[in-house]
Amino acid sequence: MKCLCYKSSKPSLLLFSEPQNDAMLLIEFTREQMIQQLQGSIHFATSNSLRSDLQLHQIQKSVQSFHDFMIDRDYNTDPTPITASAEVLYAFDMVMQGTQSTAVIISGSSSAITMFAFVSAAFLRDILIVNLYVEDHVTDQRKAQAILPMPIH
């Protein structure tokens, strides 16, 4: 039995954001080092592109791949935090397998429940998490404070 497995030999990084400002901050922060210095790839994920202010075309031309988790898109309802978290955990696992990313970078100040689930998924898989926390952009103080210490292993 042969395994036709795909294995990337270059560094790969997954960025996760929902607001456009945070997305571009993450992309600009990582682009020079990942692409030019390490010859790596940058991948981008968001929980639901239709419910965000993301400018998809601008992001897609800046990264190797774009992944929309499409949380809550199946039934067009407002999911409970547990449902949204379960969907994020599943989507995170699929994207991590596809991109073979070894680290994730987030802007934890956006502090949505999907951000908390994303960080939890990375933490459970023991994947390095870098949190660029911008105090001026905090949307939910309680969730932001819960996310803040999680990247520390």
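Heavy atoms of the protein chains alone define the surface here; on that basis segment 4-68 has 57 Å² accessible area per residue at 1.4 Å probe size.
Applying a 10 Å radius around every beta-carbon, put 47-58, 10-21 in order of their mean neighbour count, most first.
The peptides rank, most packed first, as 10-21, 47-58.
Here R125 and H57 are evaluated by their C-beta separation; at R0 = 35 Å the FRET efficiency comes out at 0.70.
Expected output is a single nm value to one decimal: the length gained when fully extending between K10 and R31, i.e. 0.36 nm times separation in residues minus the C-alpha distance. What is it? Intermediate values should be presented prior to the final figure.
Values: separation 21, 0.36 × 21 = 7.56 nm, distance 1.47 nm.
6.1 nm is the gain from fully extending K10 to R31.
Under a 5 Å amide H cut-off, with hydrogens placed 1.01 Å from N, L15 pairs with H43, F44, A45, I105 among residues at least 5 apart or on other chains.
The values are calculated or read from the model by the stated rules, or taken from the named source; none is laboratory data. This one's a predicted model, so the numbers in the text were calculated from it and none came from an experiment. FYI the Cβ positions are ideal-geometry reconstructions off the backbone, even for glycines, and counts take in every protein chain you see. All accessible areas refer to the heavy atoms of the entire protein, side chains included, with ligands and DNA or RNA removed. Shrake-Rupley method; radii C 1.70, N 1.55, O 1.52, S 1.80 Å.
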